[in-house]
Amino acid sequence: MEEKRFIETILGFSEPWYIVEMEQSSDTVKIKLDYPPGTKFQCTKCGKYCTTFDSKWKEYRHMDLWQYQTILKVRIPRIKCDCDGKKVTVSTSWLRKGSKFTQMMEAHILEMAKTGAVSKVAKILRITDTRMWRVIMYHVEKCRKNADYSRVADLGIDETSKKGHNYITNFVDLKTRKILYVANGKDSKTITEFAKDLKEHCGNKENIVNTTCDMSLAFEKGIKREFVNSKIIIDKFHVIKYFNDALNKTLRDDIKAGYDFKKSKYIWAKNRENLTEKQEIRFKSMNKQHSKTAKAYQIKVAMQEIYRLTDKNEAENQLKKLISWMKRSRNVHMKKLADTILNHWDNILNYFDNRLTNAILEGINNIIQNIKHTARGFRNYDYFKTVIYLFCGAFAVSVSQPTPTK
């Protein structure tokens, strides 16, 4: 008797269920749960306690007891409602309707899913990955449905690779630093998708006052269409990336022209204060040659200095001088970049109003790529999106834990 009471306590189910029988095989424990005859159960419709009409035995997978796979065989009653006479299946706090797992097992599945690839975790738990995915997707969708986006005002948008040249677009609340929505693709339609999802979660498009993104014309088109009150802020790290790209192209041209700049790409990419002693010696040697690469590097540094300014008017004046320098240079890559900056002039300068960036999105993208690498890819887009929400979503995915029997 003491043994059964101990097992009842650690299993976490509540009265009036009790253990009537336990069967053990080589790797499985099957525990049979019943309730006393004449027990009345509360009706979910009228709230009254009604007598049992009939019952059905059902099996549920529970957390393993030591090394044994644990199955609960539970007698689930149906009651006849005193109000309308309809038959209602009794619900319990430790079982979810439609699931083949107990609530404790589902909570364990969610926690294990956060540690590695779902397929590997499924093998450890001795269940199929399909059944595991059903549990994860149910709770993620449930939490997303109840999410409240009414306070979202600063939005970050960035794309990341899903597989090869297939992309997803992440929408992030810059204040909470959490993902609000994941869209398939990277065109202007993704903005429309998010605007619809925002409305479904109590959000208001007019509340969006700042949106950070890269220089994508598709993003700009979608933002202007959907978020009319929002400033578009070109992320400064993407701007500097364009300068680094122009610098690298210039470096390749100089190498072809005969300059001894091979294996110096990362030296030019670094800031001077981050160079090692050996790199600093070579940098000085290369910089003395007055090449196009050296001038392109000076232009990039000038742009970095502009981003350190705090006054918008001063930043605009310095940027005008920099564009003039780039236009007068004999570097075709810098001339082309100058035209690109002029095309996004206002959106680049909007950074100096509140200094918002997409830095948090780059960090989230790294997390997503690590998830993808750990899982060795995903079977479909829905699975990939679900795991992103599980790790980075603007809501806590959890399962309510039942109170153990005393």
*Looking only at segment 207-219, decide whether some residue is under 22 Å from ALA147 (Cβ atoms), touching a residue at least 12 places away in the same chain (Cβ under 8 Å) and part of a helix (DSSP H, G or I).*
yes
*Of everything in segment 32-71 that's under 30 Å from ILE127 (Cβ atoms) and among the hydrophobic types (A, V, I, L, M, F, W, C), which residue is surrounded by the fewest Cβ atoms within 10 Å (Cβ to Cβ)?*
TRP66
*asked:* Any residue that is touching a strand residue (DSSP E or B) at 6+ places or on another chain (Cβ under 9 Å), closer than 30 Å to CYS202 by Cβ, assigned by TED's automatic domain parsing to the domain that holds VAL387 and surrounded by 15 or more Cβ atoms within 10 Å (Cβ to Cβ) - is there at least one of those in segment 119-133?
replied: no
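Only residues that are touching an Asp or Glu at 6+ places or on another chain (Cβ under 7 Å) and under 12 Å from LEU33 (Cα atoms): list them for segment 53-71, please.
If we filter segment 53-71 for residues that are touching an Asp or Glu at 6+ places or on another chain (Cβ under 7 Å), which is where we start, we get 68-71.
Correct list: ILE71 only.
Filter segment 232-246 for residues that are in contact with a helix residue (DSSP H, G or I) (Cβ under 7 Å, 6 or more places away or on another chain) and either in contact (Cβ under 8 Å) with a residue 60 or more places away in the chain or part of a loop (DSSP other than H, G, I, E, B) (or both) and give the result. If you could, list the steps in order and put the result at the bottom.
So in segment 232-246, the residues in contact with a helix residue (DSSP H, G or I) (Cβ under 7 Å, 6 or more places away or on another chain) come out as 232-234, 236-237, 239-240, 242-244, 246.
Once the filter is applied, which keeps residues that are in contact with a helix residue (DSSP H, G or I) (Cβ under 7 Å, 6 or more places away or on another chain) and either in contact (Cβ under 8 Å) with a residue 60 or more places away in the chain or part of a loop (DSSP other than H, G, I, E, B) (or both), segment 232-246 yields ILE232, ILE233, ILE234, LYS236, PHE237, VAL239, ILE240, TYR242, PHE243, ALA246.
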*asked:* Whether any residue in segment 251-260 is in contact with a Leu (Cβ under 9 Å, 6 or more places away or on another chain), assigned to a loop (DSSP other than H, G, I, E, B) and at pLDDT below 95 is what I want to check.
replied: yes
*Scanning segment 208-255 for residues that are among the aromatic types (Phe, Trp, Tyr) and out of contact with any Lys or Arg (no Cβ under 9 Å at 6 or more places or on another chain), which turns out surrounded by the fewest Cβ atoms within 10 Å (Cβ to Cβ)?*
PHE237
_If GLY222 meets every condition in (1) part of a helix (DSSP H, G or I); (2) farther than 15 Å from ASN347 by Cα apart from one, which number is that one?_
(2)
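Just to be sure I understand, how many residues within segment 379-406 are modelled with pLDDT of 85 or more and either farther than 21 Å from HIS108 by Cβ or surrounded by fewer than 18 Cβ atoms within 10 Å (Cβ to Cβ) (or both)? Full working, then the answer.
Just the residues of segment 379-406 that are modelled with pLDDT of 85 or more, to begin with: 380-393.
Narrowing the set further to residues that are either farther than 21 Å from HIS108 by Cβ or surrounded by fewer than 18 Cβ atoms within 10 Å (Cβ to Cβ) (or both) leaves 380-385, 388, 391-392.
Matching residues across segment 379-406 total 9.
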*Any idea which of VAL29, VAL74 is surrounded by 12 or more Cβ atoms within 10 Å (Cβ to Cβ) and over 15 Å from TRP94 (Cα atoms)?*
VAL29
*On the given criteria, is ARG151 among the basic types (Lys, Arg), on the phi < 0 side of the Ramachandran plot and buried (at least 16 other Cβ atoms within 10 Å of the Cβ)?*
no
_List the residue pairs whose Cβ atoms are under 8 Å apart, where the first residue sits in segment 354-369 and is under 15 Å from LYS175 (Cα atoms), the second is of a type in the set (Gly, Ala, Ser) and crowded, with 18+ Cβ neighbours inside 10 Å, and the two are 6 or more positions apart or on different chains._
LEU356/GLY156; ASN358/GLY156; ILE360/GLY156; LEU361/GLY156
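Among the residues of segment 299-332 satisfying the criterion of being polar (S, T, N, Q) and surrounded by 11 or more Cβ atoms within 10 Å (Cβ to Cβ), which is nearest to TRP268 (Cα to Cα)?
Step one: of segment 299-332, the residues polar (S, T, N, Q) are 304, 310, 313, 317-318, 324, 329, 331.
Next cut, surrounded by 11 or more Cβ atoms within 10 Å (Cβ to Cβ) only: 304, 317-318, 324, 329, 331.
Working: GLN304: 14, ASN317: 26, GLN318: 23, SER324: 23, SER329: 19, ASN331: 16 Å.
Once the filter is applied, the top-ranked residue is GLN304.
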*Being more than 30 Å from ALA153 (Cα to Cα), at pLDDT below 95 and more than 39 Å from the chain's Cα centre (by Cα), is that true of even one residue in segment 309-323?*
no
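Name the residue, out of GLU15, GLU59, GLU8, that is under 17 Å from ARG96 (Cα atoms), in contact (Cβ under 8 Å) with a residue 40 or more places away in the chain and not in a strand (DSSP E or B). Full working, then the answer.
Values: GLU59 fails: not in a strand (DSSP E or B); GLU8 fails: under 17 Å from ARG96 (Cα atoms).
After ruling out the rest, the residue left standing is GLU15.
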*asked:* With the condition being touching a Lys or Arg at 6+ places or on another chain (Cβ under 6 Å) and in the same structural domain as VAL209 (by TED's automatic domain parsing), I'd like the helices (runs of 4 or more DSSP H) fully within segment 283-395 carrying at least 3 qualifying residues.
replied: none
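Run down LYS163, LYS189 and say which single residue is surrounded by fewer than 17 Cβ atoms within 10 Å (Cβ to Cβ), modelled with pLDDT of 95 or more and touching a Gly at 6+ places or on another chain (Cβ under 8 Å).
Values: LYS163 fails: modelled with pLDDT of 95 or more.
Step by step, each of LYS163, LYS189 is checked, and only LYS189 is surrounded by fewer than 17 Cβ atoms within 10 Å (Cβ to Cβ), modelled with pLDDT of 95 or more and touching a Gly at 6+ places or on another chain (Cβ under 8 Å).
The values are calculated or read from the model by the stated rules, or taken from the named source; none is laboratory data. For clarity, every value in this text was computed on a predicted model and none was experimentally measured. Here the Cβ is made from the backbone with ideal geometry for all residues, glycine too, and neighbour counts use every protein chain on show.
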